[in-house]
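Okay, structure first, notes after.
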There are 2 protein chains.
Amino acid sequence: AVVATELRCQCLKTISRIDFKTIQSLKVTPPGPHCTQTEVIATIKDGQEVCLDPEAPLVRRIIQKILNK
Amino acid sequence: AVVATELRCQCLKTISRIDFKTIQSLKVTPPGPHCTQTEVIATIKDGQEVCLDPEAPLVRRIIQKILNK
């Protein structure tokens, strides 16, 4: 998924499945003046950034799993 | 709360309450080689970074609220 510059939405496409073990961190951005949608961007272990679907059940479970660690 | 450099835990102190409206984004980092605890770092609208307590109920509700927007 392509990540655009900061001034507008960063996620043009999102994926709804990702291997939990590859995630180094997750950035969750609420809608704001620059973008009307919530965005979830995973930084994976090789440094790449991947946009995740905030509504995908697996993405929500991943966030819960990280918080419960 | 002070944010240290990347190579070890970034959060030395955490807070468990924050005004949702001040949050620009949240970074959630699972435990890893560099740090044995989950870390939740909020970037607030003035650009400051604040460490939140991953176990605080309010912090979890804020993350849910952002995902449900």
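Quick look at the values:
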| item | result |
| --- | --- |
| In the A-B interface, the accessible area buried, summed over both sides, Å² (probe 1.4 Å) | 1800 Å² |
| Mean accessible surface per residue for chain B, computed with a 1.4 Å probe while every protein chain stays in place, in Å² | 56 Å² |
| Carbon + sulfur, % of accessible area of the stretch B:23-69 - ligands and nucleic acids excluded, 1.4 Å | 49 percent |
| Helix-only CD estimate at 222 nm, as mean residue ellipticity for chain A, using -39500 (n - 2.57) per DSSP H run (n ≥ 4) | -5000 deg cm²/dmol |
| Overall form of the protein assembly as shown per C-alpha gyration tensor (a/c, 1.5; a/b vs b/c) | rounded |
| For B:Gly47, inter-copy label distances in nm, listed shortest first [label point 7 Å out on the Cα-Cβ vector] | 2.5 |
| Degrees separating the helix A:57-67 axis from the principal Cα axis of chain A, which is the longest one | 70 degrees |
| Whole-number D in µm² s⁻¹ for chain B, Kirkwood Cα-pair radius fed into Stokes-Einstein, 10 °C, 1.306 mPa s | 130 µm²/s |
| Neighbourhood charge, 15 Å Cβ-Cβ cut-off, centred on B:Leu58 and excluding it, Lys, Arg +1 and Asp, Glu -1 | +2 |
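The values are calculated or read from the model by the stated rules, or taken from the named source; none is laboratory data. Given the structure is predicted, the values throughout are model-derived calculations rather than measurements. Cβ atoms come from the backbone with ideal geometry, glycine included; neighbour counts cover every protein chain shown. Just so you know, the surface numbers come from the protein's heavy atoms only, side chains and all, with ligands and any DNA or RNA stripped out. Shrake-Rupley method; radii C 1.70, N 1.55, O 1.52, S 1.80 Å.
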